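Computed from the coordinates by the stated procedures, all read-outs in this text should not be read as laboratory data. Values in this document were obtained by computation on a predicted structure and should not be read as measured data. As a convention, Cβ positions derive from the backbone with ideal geometry for all residues, glycine included, and neighbour counts pool all protein chains shown.
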Amino acid sequence: MEPLEDQDPAVGPEAELPPLRTALDGAPPLRSDYQERLDAVDDELTGAALRVADALPGVVRSFLAADREAAARIRALAADVHDRCRLVEEMGFVVLALDAPVAGDLRRLVALLRLVHDVERSASLAAHVVASTAHLDPRLLPADLRTQVEELARRSAGVFCAGLDAWRRRDALAVHELGRDDLDVDRLRTRLLLEARRLEGDPEAVLALGLLGRYLERLADHGVRFAQHATFAVTGERVEVGA
């Protein structure tokens, strides 16, 4: 019999196996199905919100041009956003049931489910803005009043888009600046209502302007909500802004 000490320990089936790789070897860890499901919820909600954000410039132009045909297009967009929001809820509940997220992932998912309402309402508000042309022809407004409407719409859309951007970048500090911008939108709305009193002979137009101001103000509020939830997802703090 050959002496044991003369056997080569490298000989045998085990010597042919490649060395095991670990995270320390520099190989990136595989993404879990759970993380992919959570990201999919985020992507779906963000995609719905981006549809609203991308449509806002056209919504403002259609309103100022009294383009009543645009109302059907915006209603179709709102219906699509509604369906996507229902999908976000279903996907989010699946993640809760299957994965039981904790800590930062749980905060992120809670924020996403709460933002469903904000995205859905924002799409509805955009449709309401265009539908306002059924009661008000902006082309007939005095030039300075029309300018105020245009400025309010522009600033409101800006706050909404900035809030969505804060969520996408997880900017925990953006909420404070957006809170100040939202106060400016509130002031513009108040100013618009005061100026609308000049249309004393057309109560329907005054009412339509009042509702329009409210729609645009609320659109900005939903943008602030995105920034608030970005702060919550990152830090766990619930920040209240406004007067």
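Data table
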item	result
Tabulated pairs, the range 201-217, first under 10 Å from LEU152 (Cα atoms), second assigned to a helix (DSSP H, G or I) and of a type in the set (Lys, Arg), C-beta under 6 angstrom, 6+ apart or interchain	GLY213/ARG189; GLU217/ARG189
Restricting the range 146-157 to residues that are touching a residue at least 60 places away in the same chain (Cβ under 8 Å) and crowded, with 17+ Cβ neighbours inside 10 Å, the residue that is nearest to LEU45 (Cα to Cα)	ALA157
Count of the range 187-205 residues which are surrounded by fewer than 17 Cβ atoms within 10 Å (Cβ to Cβ) and assigned to a helix (DSSP H, G or I)	8
Any hit, the range 220-230, residues being more than 19 Å from the chain's Cα centre (by Cα) and within 20 Å of VAL129 (Cα to Cα)	no
The listed residue being closer than 30 Å to THR133 by Cα and either under 16 Å from the mean Cα position of the chain (by Cα) or not hydroxyl-bearing (Ser, Thr, Tyr) (or both), out of LEU194, LEU173	LEU194
Scan of the range 47-102 for residues that are of a type in the set (Lys, Arg) and part of a loop (DSSP other than H, G, I, E, B), ordered by number	ARG68
